[in-house]
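Shown next, in structure tokens, is the structure this report addresses.
The values are calculated or read from the model by the stated rules, or taken from the named source; none is laboratory data. Please read these numbers as outputs of a predicted model, since none were measured by experiment. Don't worry about glycine lacking a Cβ; one is built from the backbone with ideal geometry, like all the others, and counts go over all protein chains shown.
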Amino acid sequence: MYYKGVRYRRIPYKGAKSFSFRKGKEYIVRRASLLAIICVLGLFAGPVLATPCPTISIEYGDGSWQKIYQAGDLQAMGGDAFYLADSASNGTFDAEWEFTFESDPYVISWVSIKNTTSASQTYTVTFTEPVTPAISPSSIYGGSVSGSLTTDPLGGYLSTIAPQPLFVGIIDGIDILPFYPHPSSWSKAGSGTTVIGLQEAWDLAGGAVNNSISIRHTFELGAHDAVALTGYFQVELPEPATIGLLGLGGLVFLKRRRA
């Protein structure tokens, strides 16, 4: 496929639960390699070099769980992207995830959460990737989300939690791109699977990216139910012509305000 004049190649993982798009540009190889070097240096420099590596956090009810990945946890995907797969269980949930990213940057996440308790539970799952070097002064971003709800013979549900959407793309800790705003919900009577349809948006104008981008899922899940979500969030430097248009748009906006 082509996006913004660049050819991408779809790379499936584990039955196409998740996927990445590979860009054919040398500078991306250099950026991704730089990210790996930073992670390695962070292992040995300790407090001297506090540059973060990719992280995942799961908040559930009144508890939380987090893992910070290091260079040895990452699988290089052709030199321009990295991939990892992992899982965790703690008595209230069983979780699996796959995480594909590059410092260009984009994040592609697949996560499956099963509520292993006999009562409904709330969850917040966040994937975070450091961005090195920063993107400045402006960016273009976009993303998507889709998934499924699987219920037991008693039926079940998935719902958003006020005021959070099911999915949000985040730049430097600021919510930028929401999908399925509250209230949104899915349910099924009896056992089976309900599809969470695709929502997507692309070519949106944004500001600088200084530190990180993230994907965050927030939801309430019925007892013994399971949800699987695939999220994609990408931020990139605009083409020179696009930067000019963004600047022109800003001037028009200022003139209208002064008028």
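Per-residue answers, yes or no, for (1) assigned to a strand (DSSP E or B); (2) touching a residue at least 40 places away in the same chain (Cβ under 8 Å); (3) in contact with a Lys or Arg (Cβ under 7 Å, 6 or more places away or on another chain); (4) hydroxyl-bearing (S, T, Y):
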residue: L84; (1), (2), (3), (4): yes, no, no, no
residue: A95; (1), (2), (3), (4): yes, no, no, no
residue: T100; (1), (2), (3), (4): yes, yes, no, yes
residue: I113; (1), (2), (3), (4): yes, yes, no, no
residue: S118; (1), (2), (3), (4): no, yes, no, yes
Confirm whether S214 is in a strand (DSSP E or B) and closer than 21 Å to E102 by Cβ.
-> yes
Between a first residue in segment 56-78 that is without any contact (Cβ under 8 Å) to a residue 12 or more places away in the chain and a second residue that is of a type in the set (G, A, S), which pairs have beta carbons less than 7 Å apart while being 6 or more apart in sequence or on different chains?
-> S64/S57; Q66/S57
Every pair of residues 6+ apart whose Cβ atoms lie under 6 Å, when the first sits in segment 224-237 and is over 19 Å from I174 (Cβ atoms) while the second is of a type in the set (A, V, I, L, M, F, W, C) | V227/I113; V227/L149; V227/L158; V227/L221; L229/V111; T230/W110
Pull up segment 84-106, narrow it to residues that are within 18 Å of the chain's Cα centre (by Cα), at pLDDT below 95 and hydroxyl-bearing (S, T, Y), then point me to the one that is nearest to I215 (Cα to Cα).
-> Y106
Scanning segment 225-241 for residues that are among the hydrophobic types (A, V, I, L, M, F, W, C) and not in a strand (DSSP E or B), the one modelled with the lowest pLDDT turns out to be A241
Taking into account only those residues within segment 181-193 that are assigned to a strand (DSSP E or B) and over 21 Å from the mean Cα position of the chain (by Cα), which is surrounded by the most Cβ atoms within 10 Å (Cβ to Cβ)?
-> W186
Is it the case that some residue within segment 199-218 is under 23 Å from G61 (Cβ atoms), free of Cβ contacts under 8 Å to residues at least 60 places away in the same chain, of a type in the set (S, T, Y) and surrounded by 19 or more Cβ atoms within 10 Å (Cβ to Cβ)?
-> no
Taking the residues in segment 108-144 that are among the aliphatic types (A, V, I, L, M) and either modelled with pLDDT of 95 or more or touching a helix residue (DSSP H, G or I) at 6+ places or on another chain (Cβ under 8 Å) (or both) as candidates, determine which candidate is farthest from Q234 (Cα to Cα).
-> A119
Select from segment 38-80 the residues that are in a helix (DSSP H, G or I) and of a type in the set (V, I, T) and write down the one among them that is modelled with the highest pLDDT.
-> V40
Select from segment 153-180 the residues that are exposed (fewer than 15 other Cβ atoms within 10 Å of the Cβ) and either free of Cβ contacts under 8 Å to residues at least 40 places away in the same chain or in contact with a strand residue (DSSP E or B) (Cβ under 9 Å, 6 or more places away or on another chain) (or both) and list them in ascending order.
-> P153, G155, A162, P163, G173, I174, D175
Return yes when L35 is more than 27 Å from A223 (Cα to Cα), modelled with pLDDT of 50 or more and not in a loop (DSSP other than H, G, I, E, B) and no when it is not.
-> yes
